[in-house]
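Heads up: the structure comes next, in structure tokens.
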Amino acid sequence: MAPAEAVKQELSRAEMERLAKKGEKENLDALVEQGGVTAANARAEAGPLADAGLDPDRAEVLESRVAKLNSDASRRADAKAQAKGHTRSEAKARAKAKAFVRWLHGVTPMILRKEGCPVTAADLAGSARLKATADIVGYLGRIAGPVGRIEKQLEPFRKKRTPARAVDELAVLQKDLQDADETQETSRDALPAETFALYVLKGQVLEDIEDVNRLGRVAFDGDAVRAAKFNKDILLRARRSRSGDGGGGGTPPG
């Protein structure tokens, strides 16, 4: 498939929805910059990457998509989308939920080590790689029971937190995050065509970056220096800056 054809290829509605969901939250400038770096890496290591299974045209396809993403039309569509604010609302809800998780993991080691504690570290584990909104919602739901069982022990650490009970704060955060996610899903269905197309393009660029990186790590397994080039550091910095939450879900208690 020629690069131009790859950019313009017909996609099913389901595939476009998948790509739009994947790309909609990514910062355009960071995606353009990261895409350029990844395409350059793909060209520089074309031989080993082809041996690992990368399509020989993939670097050129990525460059074409990055150029389209960096166009005036894409930037106008991105500005309109940002003005709607739905993505920012979800990011704010995610940041609050992750802040709660960090607080919880900050204080619970002092509770868990006491004899007779009704929960264990395993009951609160699983937060280290919380990324998707659905993952955070699911984690909050899973730890609601354990948090409720140590409510009394958490009281000394909640003097300046509201609501007074940790389990109530958790419930509020979970609902806010679910509502924000549902709003985001609904708003995607009603997007202007140009905005939806932008999100699809963002998803394609992100997927290209991830695929090149995957095969880069395969091609240079055992060569840490060359494998390290295949990363998403620019995107990860932009995500942390957007969320203002440090990026992670906190260190599990222990």
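Below are the figures for this structure:
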{"quantity": "Net length gained if the chain between LYS131 and LYS229 were fully extended (0.36 nm per residue, minus Cα distance)", "calculated": "33.0 nm"}
{"quantity": "Nearest 10 degrees, 0 to 90: helix 193-219 Cα axis against the chain principal axis", "calculated": "90 degrees"}
{"quantity": "Helix axis angle, 166-189 relative to the chain longest principal axis, alpha carbon, degrees", "calculated": "20 degrees"}
{"quantity": "Intensity falloff of the stretch 128-222 expressed as log10 I(q)/I(0), Debye formula with alpha-carbon point scatterers, at q = 0.15, 0.18, 0.25 Å⁻¹", "calculated": "-0.81, -0.92, -1.26"}
{"quantity": "Kirkwood Rh and Cα Rg combined as Rg/Rh, the chain", "calculated": "1.05"}
{"quantity": "Two-site label geometry, CYS117 and GLU194: point separation in nm, points 7 Å out along Cα→Cβ", "calculated": "5.5 nm"}
{"quantity": "Relative contact order %, the chain, counting alpha carbon pairs below 8 Å whose residues are six or more apart", "calculated": "40 percent"}
{"quantity": "Label-point separation, ALA44 to ALA79 (7 Å along Cα→Cβ), nm", "calculated": "3.4 nm"}
{"quantity": "Global geometry of the stretch 89-185, whether rounded, prolate or oblate, following the gyration tensor of its Cα atoms and the 1.5 cut on a/c", "calculated": "prolate"}
{"quantity": "Angle in degrees between helix 133-149 and the longest Cα principal axis of the chain, rounded to the nearest 10", "calculated": "10 degrees"}
{"quantity": "Nitroxide proxy distance, nm - points 7 Å out along Cα→Cβ at GLU33 and ASP168", "calculated": "4.4 nm"}
{"quantity": "Alpha-carbon centroid distance for the pair the stretch 119-184 / the stretch 189-237, whole angstrom", "calculated": "31 Å"}
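Every number here is computed from the coordinates shown, using simple stated rules; none is lab data. Computed from a prediction, not measured in an experiment: that's the story for all the values here. A quick note on method: Cβ atoms are made from the backbone with ideal geometry, for glycine too, and the neighbour counts reach across all protein chains shown.
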